[in-house]
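Participant: Questions regarding the structure given below will be posed in turn.
The values are calculated or read from the model by the stated rules, or taken from the named source; none is laboratory data. Since the structure is predicted, the reported quantities are computational estimates derived from the model, not experimental observations. Glycine also receives a Cβ, built like all others from the backbone with ideal geometry; neighbour counts cover every protein chain displayed. Remember, those area values only see protein heavy atoms, side chains included, never the ligands or the DNA or RNA. Shrake-Rupley method; radii C 1.70, N 1.55, O 1.52, S 1.80 Å.
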Amino acid sequence: MRRPLIAGNWKMNGRLDDGRRLAEELAQRVHRASETGDPPLPDCELLICPPFTLLETVHRTLAGSGVFLGGQDCHGEPSGAHTGDISAAMLADIGCSHVIVGHSERRQNHGEDDALVRAKAAAAIAEDLVPIVCVGETEAERDEGRALAVVTGQVAGSLPESFDPARLVLAYEPVWAIGTGRTATPADAAEVHGAIRGALAERYGEEAAAALRILYGGSVKPDNAAELLRAGDVDGALVGGASLKSEDFWRIAQAAG
Ligand code: PEP
């Protein structure tokens, strides 16, 4: 049984006060839902991935809420001369349980390739973090009819040789849908997610493929979340812009179940 995961990627947004307020609002919603059942607690896992500077504040604010905390990136090495980078151990140390790796903004803006993403995922696993490995085609690749080939190729190149399928998450995020207000149709998302699961089954076996969660990301909002989350093989959402408003993020979570 794959429990849906709704993950918020705050990207490079928020100062201390903003992060504290947003986390407080979310924690209050969780507490109210658990105490009164009105509205009910969403039947999914919730994860927030703030910028590095907000991790400690958000960790403290979310304590006891059950909402998981994640980093937006980590280095592939455990430590060393890597100015400006953060290791998986540092994330674990500050209370993270998850880390996003291979987000398209890192692939595009920082030249990260599949091999580097694979090293980051392996580094995360070594520190007992759950890596959320992102893949997705550009608009040109989709227009050329190469979406499935590109995405399954990224999956093949970005995943470590072995891992516990319950402790790794994939996120399909078409690059043309991120931050643009455009989304894949539920049918397109189901097609890509199905192709990814098929490729996983060939490489890791049916059981592992069936256990691994595949999130959809790309302009998920409260008004399109339900239909996307109902699409075949979609096990949750990676949410950028809409995770910066607690009301929107909460409504997306409720759409998950
Ligand atoms: C993301 O950054 O992972 C993302 C999906 O962003 P948005 O929801 O804003 O498209």
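Participant: Quick one: putting +1 on the C-beta of Lys and Arg, -1 on the C-beta of Asp and Glu, what dipole do you get for the range 127-257 around its Cα centre, in Debye to the nearest 20?
Facilitator: Charge dipole of the range 127-257: 300 debye, to the nearest 20.
Participant: Expressed as a rounded percentage, what relative contact order does the range 5-255 have, with Cα pairs under 8 Å and six or more residues apart?
Facilitator: Here the relative contact order equals 19 percent.
Participant: Let me ask another. Counting only protein heavy atoms and a 1.4 Å probe, tell me what percentage of the range 161-208's accessible area is made up of carbon and sulfur.
Facilitator: Percent of accessible area from carbon and sulfur atoms in the range 161-208: 50.
Participant: Grab the eigenvalues of the alpha-carbon gyration tensor for the chain, scale each by 5, take roots, and send me the semi-axes largest first in whole angstrom.
Facilitator: Semi-axes from the Cα gyration tensor: 26, 22, 17 Å.
Participant: Here's a follow-up. Find how much the distance from Arg32 to Arg146 grows on full extension, using 0.36 nm per residue of separation minus their present alpha carbon separation; answer in nm with one decimal.
Facilitator: 36.4 nm
Participant: Moving on. Calculate the spin-label point distance for His82 paired with Ile94, positioning each point 7 Å from the Cα along the beta-carbon direction, and give it in nanometres.
Facilitator: For the pair Ile94/His82, the computed spacing is 1.5 nm.
Participant: Based on DSSP loop calls and a cut-off of at most 13 other Cβ atoms within 10 Å, the longest stretch of the chain free of exposed GluC sites (Glu not before Pro) is what?
Facilitator: It runs 1-143.
Participant: So, one more: Residue-wise, which Karplus ³J(HN,Hα) couplings in Hz belong to the range 82-98, taking 6.51 cos²θ - 1.76 cosθ + 1.60, θ = phi - 60°, and x for glycine or proline?
Facilitator: Per residue, the Karplus-derived 3J(HN,Hα) values read 9, 4, x, 9, 10, 8, 4, 4, 5, 5, 4, 4, 8, x, 7, 10, 9 Hz.
Participant: Going toward the positive end of the dipole of the range 27-77, with +1 on Lys and Arg Cβ and -1 on Asp and Glu Cβ, which of Ala33, Ile48, His75 do you reach last?
Facilitator: Ala33
Participant: May I ask you to derive the relative contact order of the range 159-228, considering only C-alpha pairs under 8 Å and at least 6 residues apart, and to give it as an integer percent?
Facilitator: Contact order relative to length: 49 percent.
Participant: Of all DSSP beta bridges in the chain, what percent run antiparallel (nearest 5)?
Facilitator: 0 percent
Participant: Now for a separate question. Is the shape of the range 130-257 best called rounded, prolate or oblate, per the rule: a/c under 1.5 gives rounded, else a/b larger than b/c gives prolate, else oblate, with a ≥ b ≥ c the square roots of the Cα gyration tensor eigenvalues?
Facilitator: oblate
Participant: Could you work out how much longer the chain between Glu247 and Ala226 gets when fully extended? Use 0.36 nm per residue separation minus the Cα distance between them, nm to one decimal.
Facilitator: 6.0 nm
Participant: Can you compute the charge dipole magnitude of the chain about its Cα centre, using +1 on each Lys and Arg Cβ and -1 on each Asp and Glu Cβ, nothing else charged? Give it in debye, rounded to the nearest 20.
Facilitator: 440 debye
Participant: Relative contact order for the range 1-66: what is it in percent, counting Cα pairs under 8 Å that are at least 6 residues apart?
Facilitator: 53 percent
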